[in-house]
Structures are given as C-alpha cells and as structure tokens.
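Here the structure is laid out as structure tokens; the discussion comes afterwards.
The values are calculated or read from the model by the stated rules, or taken from the named source; none is laboratory data. Note that this is a predicted model, so its numbers are computed, not measured. All Cβ positions, even for glycine, are placed from backbone atoms using ideal geometry, and neighbour counts span all protein chains on display. Ligands, DNA and RNA are stripped out before the accessible areas are found, and what is left, the full protein with its side chains, is counted by its heavy atoms. Shrake-Rupley method; radii C 1.70, N 1.55, O 1.52, S 1.80 Å.
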Amino acid sequence: MAQVPPYQALKEAPTEIRQAATVALVCSSVSRAIGILTSTIIIATLPTWFPGLLAYQPIPILLVVLTVGCAIVGGKGSRIRERIASRDYEKARSVSLSAAILGFIIAGVVPGVLYFYLYMRVGNVMVKRRPDDPKTIYLLPHPSEGIFLGRYIGWAVAYLLVLFIGYTQLPTGLRGVSDWLSPVLGVHFNTLIVAVYLIFTNPLTYPPVFQLWITAGLLGGIIAGGKVGRGFMVGLAVFLSTLGAMGLAALSIFRGVTSGGFSNIPPPPPGFSLIAAATGPVASDLLPLFLQASSPADPAFIQSVTLTLVRNAGLIFAIVTISGRAASLIWQGSIDLVKYVFVLIHGKHGLKENRSIVDRPVLKTAIVLLMLLPIFGVSHYGIISPPFQAAVPGPYQQRLDVALDMLGAPNTTLQLTNLDLSSKGLVQDNNYAGANVAAFIVNNNDSQALGNGQQNQMLQILSQPALVTVYSGDPKTTATESAAVEAQFSQALGIQFTTIFSLSMGGQGTATIYAPNPELSNYDALTKLMALLPSQSFSSLISPANIQNLKYFAAIGIVPITVNGVSITGFSFDLNVQFPRQFFKGGVHQLDLKTLLGFQNNLVGDPAANASIVSMSFQPGTILYSPLFPNPLYNNATSTYYLNVTSSSQPDFVARFNYPFAPDIVIQKTSTPNIGPVGTTHIIVVTVQNLDNVTVTNLNLNDPQTSSSYAQTLQISPSGAQTLQASILTPGNSMTMSYTVITTSSGVYVLSPATVNFLWTAPNSTKISYNVNTDPTEVTSLSGPLTQFSRTFTDFQPYSFLLLIPLLITPVIETYRLIRRRAQRRKEKEMQSFYATPPPPPQQNLPKAPDTGTGSNPNNPPPP
C-alpha cells in the first residue's frame, strides 16, 4: 500500500517555495488587473470602439487581444501556484514558460516579464531540491470567508443604499419629469426614472453617480468579506437587481399603455424645467446624438444611442464590481493586520521572525489600494466666440403699457423696439435673415402669450433662462445660422450656452433651444438681460429685485412683436409683469404709476429714443376727475389714455379717478395636507369669502376638480365637477365645499382652478358681473423604496412570488456551504496535526538472556 504523503500549510514551506508561490499569485493578479483595465477601456470607448472594430482598426483589435490574452494567462497563475504547492515543479515550470510566451505575444509585456521571472523562480526551487527532501504537499491558505450570510446582507444593504439615494437625490430635471408623468403613468414610472438614472448615467461625467456606486461596491464588498469573488458577486447582484427593477417598472407601464388605461398627457406642473431635464444625466448624452441625426429612425442614430447606453451601463457595472473586489482585498488585509496585532499583543510566534506585515501579499495589496483611492472630478470648459460687426440701425422706440383689469390688478408691458445693440456685441446680420424668433428669454411662471400658439406653448415649459431660435428653411443651413446667433448672445451676455435640442415645429420651422451652462437663476438672467438695454430707457424704472417674486416674462432679440399692425423685425425687448390686485373701491382715487408699480425712477423720455409712449388702460365706466398731462390722447373705445413723454419732463403718470367698484371677494382652493406619501387622503376645500362691506348676489361656485389625465391614479370622492350656488353673500360671510382625493402614484397633481361668478348692483341699479379664479392647486405625492417594493410585489402577483425564491433559498445555500467549509477545514487540520507529530522511535525486540542458574555457558548454546 502506497504511503500517503505528509501535508503542511504553505507558510511552513521553505522560503524559496513560498516566494515562488507568491510570485505566481502576483502574476495572476497583475494579468487579471490588466485584463480588467483593458475591458474597462473598451467599455468607456464603446461608441467609437465598436465602429472601429468593424472597420478593422488596429487599436480596437489590440484592446480585444489584450483583454482575451490577459484572461488566458491570468488563469494560468492560479494553476501554477497549486502545482508549486503540490511540488510538481516540472509542470509548473513548463506552464510558466508557456504563459510567459503568451504574455509577450497577446497579453502585453508586463505579464510576459512576470511569468518569465516566475519561470526562473521555479527553476531556482528545482536547483535547490535534494533527493532526500520530504515529499510534503503544501496546502494553500484559505482566505477569510467573511461573516455568515455576508453576501446576502451585503447585497441587501448596498441595494437599499443605491435605491434610497436614487429616490432622495434624483436630479432636478429627472425629478421634474417623474413628478409630471408619474401621476399619469403610475407609481412605477418613478421607479423607472430612478433606475434609468442609476444605470444609464455616465459616471465619468456625473460624479454623484460615480461616488454612489463606488460606495455601494465598497460597502457590500466589506460586509461580504472573504475572497475577491465574493465582492464581485455582491456588486454584480446589486447591478442586476437595479436593472431588474427597471425592467419590471417598464413592463408595468407597457401593460398600462397597451390596455388603453392612460389618457392624454397633461401640461407640465408649475416649476417644471425642460432645460434642467435636457441638461441633466442621461439626456445630456443622448440629445447631442439626436441633434446630429437626420431622422430618429436612422440606423446610425439607433446604433449610437444603443452603444451610448450600453457604455454607461457597462461603466456602472465595472465600477461597482471593481470596488467590490477592492473591498474584499481590504477585508483580507484587515484580517491579516488584526491577526498580526493579536500575535504581537499575546506574544505568540505564529509569524516568522524574519517576516513583517508587508510580506503578506494580500495585506500589501490592500494597503496599496487604500493609498491609491482617488477623488475624481470633471471640469467643463467653454469657448467664447468673438462678436460680429455690422451696420448700426436707426433710433429705437419704447412703449410702456399699464392695464387695470376688472378686479384692479395692474398688468404691465414694456416694449423697446428697433434697438441698436451693436456696442454689446449683438448685430443683426445675415444669420438672422430666416429667423422668426431669436431671443434670450426669462419666464418666471408667466402665462402671457408670445408669438403664435405653438411658439407660446413651447415657451411656457421653459421655466429657466434659455436662448430660443426658430428658423424657417433648410434645417442644415439654419443650423449654422442658429449657431452663429448663439455665439453672438454668448459674447453679449457673458454666458456659455449648451445646445438642448432642435425640433421641427410642423412646417413652421425648426426650433433650437440653448441653455446657460452653468445654470442661471431667473433673477441673474434678467439682470444680465436688462444690462444690454439703453441706460436712460424705461427699463431703468424696473428693478429685477422688485419683481423677482412676481410673475413675469422677458425676452430680448428677434421677438414676435406687432405694433399698430406692423410686425417688428429688428432687435426688441419685451417684458410683461403681473402685479397683485389693488382692490380699488368706489370713490375718488389718486393714481401715480411710480407708487403703484414700485418704479425706482421718474417717467422721463430717453433723448436717444425716437418715441417714448406711456399708456394707461382703465375698465369701461371709469371717470377721470383731473386731466392727465397736457392734453393726453384718449381712446374712448378702449378707455385708454396715451401720454407722449418723448420731449416731456413730467415725473409721473398721475390721475384722479372713480374706478368701477370691485368687491373684495376672495376664493381659495386648498389641500390639507398638500404633500404626503402615496395613499394619503387629501382634503380639498374651496372657500369663497366676502371681505367687503357690500352684499353680492347670484353666486355660482364651480370646481372641475382635475384633469381626466389623472383618472387612473387619483381617487376622488365625490367625483365629478362640484358646484355650489348662493342667492346672496353678505359681508363677513363665506361659502365652502369640500371633497377628498387619494393619490395612488407619486408625483405632482395639478388640480384645476375653481371659479366663482357673482353680481354686484351699482347705486344706479346697474348690475355688474364678476369672475374670480383660483390659482392651480398642487398635491404632491411622495414614494420611496418601501412603497415601490410593496407596490411591485402587489401589482405583479402571482409572478412576484418568484422574487421570494432567492430571498428564501440564499440562506439555505449559505448554511450548506458553511457546513462544507467547516468540515473541509477540520479535515485539513487533522491531516496537518497528524503529520506534524513525529512518529515514536521503533522498539528493538532483543532476545532474553538465558537464566544463569542453569549452569549453561552463554558462549556455547545448547544444540537444538
């Protein structure tokens, strides 16, 4: 029967064997690291790498060869280490030589050099080998396996961290899209947006996502602990779980769309920023591809979009798995460090006297990783284009129009037309020839129409400053002209612009939107805009600080303005401001615009202007007791007074008047609470109050509740338009109606305005009808990971029960593996302890000496 060879731990092996095994481990690790690096480079350059590979370009092919070659030679290092430990030196040396040759040919120079060095180290072991060496087989050390269920707990913690940060730190643009469409498409749309943000954002250009996935990989890998593969598996599981959440959310939305459950898309809620959505993560990578594509159905465009999304997802995968591997190495190094410190404290000589901490390769690697962890940042640089020069236009005209509505709320419009802005860098050259609109706009929640209906609808969703151009003509030609216009405005305003998108407007031209980069607040943008205007114009009357909390719309450039039926084609400035209601009562009033509108200067015409006109429009029936400044023009049909201050030095527009009585009737529509988690019951209350000292009659209160777009996700009780009538409403009294709404999805629900109309009888028995509307009421519904998980499990039954399988089976599998590892470790220790104990010396069985009492001679034994 063959004798079983003795077994010992590798740390008990001679120095040259331990060094050769360490070199083999380094060769394998370096080769794998180079393979990971080259594969990451392929992922990072995927949009250009793939077309280059199809074109047989050398660099893409070289990257593929290096990746495959490093994977091949990386696996050989582990097998060589095992052969060294089992004393199969001839085979180990042969494989080292072949790995060195492959390393030089297909894996780069570094693996080849390392494997050739390993080849020499194995040869050194063979030279020092002696025939009488014991045939000991050395057992490779087992890395720490981490805590029990470490991979399971690490996956759960890292996954919840990623989702929590995704839901709570969603960028403004994507948050706006989710709040807008989630009430229509359902709560799973929020999950879809969050997962798209987490998976398809380019981490190299958006540091928060880069840091989030690194943190998730490190946290999950450290909790999992143990071998490098455990950290990799945790990172992979977190990535696939997020991808699966996106797939389930998309499936839910697809089922709802195909079943016809969703109606039309409502307008965006107040505060929604198309620019923030277009310049945020994901969209900033895709929109440039869309701008360069001839058609959305172009195969080249589809390929570019696909490669870009795969590139971003691949980078996320690489980051989380690499950080998971690094966390496992840190775990192993920490365990080695703790063991070493424990040995030093207790004085146990488990470590050799001639070895230090840095002799441990795993610990050394962990220390190097900790020293090399960088903090990445991405800088953005812009290019300032020089201004164009052209001829100077003629004098400009300015016009200030103030109108009091039926309830006494002033609405002010300031227009400066045919401006000469060449000194500021804006010159109307040939690039403006085909432009219907070429203006820098600032929209602060104003609903004032500008241009035709389609242009106004587009401008209303721009709640952040933007440069808008609308051209008619060939898109290729107008794109160049639009870019030249953008360069002019960039120089004049001192703002760097980023192209958001370019869209066809149904035969009316091509609209291109540029956003400031970095973003500007409406206040800062309005300040820059008004700095371009003549210093003595009416614009000096208005301070941006005084109107920053009001609703206003401002634009400068080629703006669609019509004066007396004539369209203005030169540079113009347009500003519309909605001032709050004044509650004018019956009786004599003293009016001056400077006080009414908070002007900071007097009304004085600009000598450089061709005309400076001020108009004041009153409601029909208004009686003026004092004439305005010398003989103002009066239009009886519109009750409008015109004052020409071109050559006048009057300080203000002043009048005494008797305004048609506007009763102080207030209508409010409120939600209690106005914000809450999904499933919250919100009480909607509509109240009409008479705060005046007169009685109004024939009140009709109507509340259409909300748009039909929210029918699938908003439960209203009672449903349908709510109405309430009252014959009279005396002073100090009120009328109220209420109903409840329950949100079943996240997002911002914009409820329709309520309206009250009533009559007031004047002293001369004339009945005047009034209508008062509320502002749109918003109900904000919030959802987090727990809500999303519970809704996903409920909405996808019985298929969602399949999600319980990995949750229940994983602990069972981990327990089985733990028992197996413990049994294997116990067997190895028994084998090592058995062969570590020297066998007892053999006993010699000597023949017993004969009894001397027999008289026999010991030298002459008796014959047989």
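Worth a mention:
- Here the label points at LYS827 and SER717, each 7 Å from Cα along the C-beta direction, are separated by 6.6 nm in the simple model.
- Nitroxide proxy distance, nm - points 7 Å out along Cα→Cβ at SER535 and SER738: 5.9
- Nitroxide proxy distance, nm - points 7 Å out along Cα→Cβ at ILE59 and GLN689: 6.9
- Long-range tail of P(r) for region 175-218 (Cα pairs > 16 Å, %): 46
- Debye intensity ratio in log₁₀ form over the Cα atoms of region 632-785, taken at each q of 0.10 Å⁻¹: -0.54
- Carbon plus sulfur fraction of accessible area for region 14-164, probe 1.4 Å, in percent: 71
- Peptides 420-431, 471-482 ordered by average Cβ neighbours within 10 Å, highest first: 420-431, 471-482
- Under 5 Å between amide hydrogens, built in the peptide plane, is the criterion, and for GLY605 it picks out SER648 among residues at least 5 positions away or on other chains.
- Full-stretch length increase - THR646, THR595 - with 0.36 nm per residue and alpha-carbon distance subtracted: 16.2 nm
- Trypsin sites (Lys or Arg not before Pro) restricted to region 113-196 and DSSP loop, no more than 11 other C-beta within 10 Å: LYS135
- Each residue of region 103-110 is assigned a 3J(HN,Hα), and the resulting list reads x, 5, 8, 10, 10, x, 6, 4 Hz, derived from the Karplus form 6.51 cos²θ - 1.76 cosθ + 1.60 (θ = phi - 60°), x at Gly and Pro.
- Whether region 128-278 is rounded, prolate or oblate, judged on the alpha carbon gyration tensor where a/c under 1.5 counts as rounded: prolate
- For the pair region 215-277 and region 19-78, the centres of their Cα atoms are 30 angstrom apart.
- Quotient of C-alpha Rg and 2.2 N^0.38 Å, computed over region 55-159: 1.47
- The stretch between LYS128 and LEU37 holds 29.0 nm of extra length on full extension. This uses 0.36 nm per residue minus the Cα-Cα distance.
- Net lengthening on full extension, VAL563/SER521 (0.36 nm per residue, minus Cα-Cα): 12.0 nm
- Per-residue HN-Hα couplings for region 324-329 [Karplus 6.51, -1.76, 1.60; θ = phi - 60°; Hz; x = Gly/Pro]: x, 4, 4, 5, 5, 5
- Solvent exposure of region 69-193 as accessible area per residue, Å², 1.4 Å probe: 44
- Using alpha carbons only, the radius of gyration of region 525-613 set against its Kirkwood radius gives Rg/Rh = 0.99.
- Listed residue pairs exceeding 25 Å between alpha carbons, taken from LYS11/LYS339; LYS476/LYS528; LYS128/LYS227; LYS551/LYS669: LYS476/LYS528; LYS128/LYS227
- In this structure region 198-311 gives 43 Å² per residue of accessible area when probed at 1.4 Å with all protein chains present.
- When ILE322, ILE199 are compared by accessible area of protein heavy atoms, the largest-first order is ILE322, ILE199, using a 1.4 Å probe.
- For the peptides 491-500, 527-536, residues were scored by their other Cβ atoms within 10 Å and the scores averaged per peptide; the highest-first order is 491-500, 527-536.
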